[in-house]
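Presented below is the structure to which this report refers.
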Amino acid sequence: MTPVLVFLFLFSTSGALDPPPLLLHGGRAAPRAWLGAVQSALWICWDDGTGRGAPDDACWQRVDLPPGAPDPRDARVAFLDAATAVVRGADDGTFLLVRGDPALQPGEPSLDPRERLAPLACGPGGHVPIYSRGRWAWAPSPCRLGAGQCVGGPALARPRRPTGLDLFFRIELQADARRGVSVTSEATTSVAVVASIGVAFDPARWVGQQFAWQELHAARRPRLRDLPPTRSHGPLAAREREAVAAIVCGGQVR
């Protein structure tokens, strides 16, 4: 009876899942980089390989933590660019992680990252890192894009500011017929062309034109417009967001 109990215990222990790793994606600063923490160990993937195809399991390398380095699970982290990350502990000790150097190095105290490593259910590129049985791997899990905003350009042409002056031009044709005293005298006709240019100013009309111009000018200002969450996932979600933004805020739909 005892051997059977031992066998069942070993089977249940070997089948237990590892806790999900704590992660941070590089974002716009480093779109193919990841930071990961498993227990108290810090890992870095500078290039997940998605620019060349499928994500690379071998991109991960363990970071050497010097004495005094913060526990990655409690640290605040951020990517400065595709080759530099900053790690800051609760005691405000700041460290830099530079691509090509496996160890954290002291950094500028003025660097103050705000993000923390946390479990992620999906990845912006369509895959999320997982850690199982001492190895890193990738699981397909694309993210949807949440609600956002876009900037709508002016829908009206630039209006001309009213001056309040009315300029008019007028042409008159005047004909004057004259007949002589005697019946035999010939009739004569004189024709005159009169051209006139005038300028008029109406204060009340000018005030109304100013109000109308201000309303048109306000309508031309760029405005933030809300975008709904995407229905697609992963890279297709980015294409959907671009198309919806082009429809709502103007632009070319690709």
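The values are calculated or read from the model by the stated rules, or taken from the named source; none is laboratory data. Computed from a prediction, not measured in an experiment: that's the story for all the values here. Neighbour counts are summed over all protein chains in view; Cβ atoms, including those assigned to glycine, are modelled from backbone coordinates with ideal geometry. Ligands, DNA and RNA are stripped out before the accessible areas are found, and what is left, the full protein with its side chains, is counted by its heavy atoms. Shrake-Rupley method; radii C 1.70, N 1.55, O 1.52, S 1.80 Å.
Please specify each residue of region 78-99 satisfying the condition of being assigned to a loop (DSSP other than H, G, I, E, B) and either within 23 Å of the chain's Cα centre (by Cα) or at pLDDT 95 or above (or both). Steps first, please.
From region 78-99, those assigned to a loop (DSSP other than H, G, I, E, B) are 82-83, 89-93, 99; that's our starting set.
Result: Ala82, Ala83, Arg99.
Could you tell me which residue of region 129-155 is farthest from Asp56 (Cα to Cα), considering only residues that are assigned to a loop (DSSP other than H, G, I, E, B) and open to solvent by less than 40 Å² (accessible area, probe 1.4 Å)?
At the first step, the residues of region 129-155 found to be assigned to a loop (DSSP other than H, G, I, E, B) are 133-134, 141, 143-147, 153-155.
Next, only the ones that are open to solvent by less than 40 Å² (accessible area, probe 1.4 Å) stay: 141, 143.
Details: Ser141: 15, Cys143: 19 Å.
Looking at residues that are assigned to a loop (DSSP other than H, G, I, E, B) and open to solvent by less than 40 Å² (accessible area, probe 1.4 Å), I get Cys143.
Given the conditions (1) in contact with a helix residue (DSSP H, G or I) (Cβ under 9 Å, 6 or more places away or on another chain); (2) open to solvent by less than 80 Å² (accessible area, probe 1.4 Å), report the number of the one that Leu117 does not fulfil.
Looking at each condition in turn, Leu117 falls short on (1).
What is the residue count in region 51-70 for residues that are loosely packed, with under 14 Cβ neighbours inside 10 Å and either over 14 Å from Leu104 (Cα atoms) or at pLDDT 95 or above (or both)?
Filtering region 51-70 down to residues loosely packed, with under 14 Cβ neighbours inside 10 Å leaves 51-54, 58, 61-62, 64, 66-68.
Going one step further and asking which of them are either over 14 Å from Leu104 (Cα atoms) or at pLDDT 95 or above (or both), we end up with 51-54, 58, 61-62, 64.
Residues meeting the conditions: 8.
When region 31-45 is examined, which residues are found to be within 18 Å of Ala58 (Cα to Cα) and either assigned to a loop (DSSP other than H, G, I, E, B) or at pLDDT below 50 (or both)?
Kept after step one, since they are within 18 Å of Ala58 (Cα to Cα), are these residues of region 31-45: 31-38, 41-45.
Within region 31-45, Pro31, Arg32, Ala33 meet the criteria.
Across region 228-243, what is the total count of residues that are modelled with pLDDT under 85 and open to solvent by less than 50 Å² (accessible area, probe 1.4 Å)?
Within region 228-243, residues that are modelled with pLDDT under 85 and open to solvent by less than 50 Å² (accessible area, probe 1.4 Å) number 7.
Collect the residues in region 104-128 that are in a loop (DSSP other than H, G, I, E, B) and farther than 17 Å from Gly26 by Cα, keeping them in residue-number order. Quick ask: steps written out before the conclusion?
From region 104-128, those in a loop (DSSP other than H, G, I, E, B) are 104, 107-114, 117, 119-122, 124-126; that's our starting set.
Hits for region 104-128 are Leu104, Gly107, Glu108, Pro109, Ser110.
If a residue must be assigned to a loop (DSSP other than H, G, I, E, B), of a type outside the set (Gly, Ala, Ser) and at pLDDT below 85, how many such residues does region 1-27 contain? Show your work before the answer.
The first filter runs over region 1-27 and keeps only residues assigned to a loop (DSSP other than H, G, I, E, B), leaving 1, 15-21, 26-27.
Subsequent filtering for residues that are of a type outside the set (Gly, Ala, Ser) retains 1, 17-21.
Still in the list and also at pLDDT below 85: 1, 17-19.
The qualifying residues number 4.
Mind checking which pairs have a first residue in region 51-79 that is without any contact (Cβ under 8 Å) to a residue 60 or more places away in the chain and farther than 16 Å from Asp92 by Cβ and a second that is surrounded by fewer than 19 Cβ atoms within 10 Å (Cβ to Cβ) and β-branched (Val, Ile, Thr), Cβ under 8 Å, 6 or more apart or different chains?
Gln61/Ile44; Val63/Ile44
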